[in-house]
Amino acid sequence: MWILFGFITLYIVPIINWFKLCASIRAEQQAAGLTPTFSTGIATLLCFVAGTNLCYLQAQQNLVVNAVQARQGVPA
């Protein structure tokens, strides 16, 4: 079955994982008490601009870490 339909699943699984990653970053921002500023569309577009989506993902996750540290009184 994989030999016959492998070309289909080759593209579906990474797309599903990409959207799960984006949803988890938005959920992290909401759990930290922030207004969700993460955009799946922007992250997807930045993927085609020299792979700068990784910088965007990390910057959005850093917002969560900074918010949690500020709430706990830990200096950044």
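Would you call Leu45 surrounded by 11 or more Cβ atoms within 10 Å (Cβ to Cβ) and farther than 16 Å from Lys20 by Cβ?
Values: surrounded by 11 or more Cβ atoms within 10 Å (Cβ to Cβ): yes; farther than 16 Å from Lys20 by Cβ: yes.
Criteria met by Leu45.
Evaluated against (1) exposed (fewer than 14 other Cβ atoms within 10 Å of the Cβ); (2) in contact with a Lys or Arg (Cβ under 7 Å, 6 or more places away or on another chain), Phe38 falls short on exactly one condition, (1). Contact list please: Cβ distance under 6 Å, first residue in region 33-44 and charged (D, E, K, R), second residue part of a loop (DSSP other than H, G, I, E, B), pairs at least six apart or on different chains. The qualifying pairs do not exist here.
For region 8-25, taking the residues that are of a type outside the set (A, V, I, L, M, F, W, C) and modelled with pLDDT under 95, the one that is nearest to Ala70 (Cα to Cα) is identified as Asn17.
Hey, among Ile16, Ile25, Ile8, which residue is surrounded by fewer than 13 Cβ atoms within 10 Å (Cβ to Cβ), without any contact (Cβ under 8 Å) to a residue 60 or more places away in the chain and under 20 Å from Leu54 (Cβ atoms)? Give the derivation first.
Numbers: Ile25 fails: surrounded by fewer than 13 Cβ atoms within 10 Å (Cβ to Cβ); Ile8 fails: under 20 Å from Leu54 (Cβ atoms).
So the residue among Ile16, Ile25, Ile8 that is surrounded by fewer than 13 Cβ atoms within 10 Å (Cβ to Cβ), without any contact (Cβ under 8 Å) to a residue 60 or more places away in the chain and under 20 Å from Leu54 (Cβ atoms) is Ile16.
The values are calculated or read from the model by the stated rules, or taken from the named source; none is laboratory data. Worth saying up front: this structure is predicted, and the values here are computed from it rather than measured. Cβ coordinates were reconstructed from backbone atoms using ideal geometry, including for glycine residues, and neighbour counts include every protein chain displayed.
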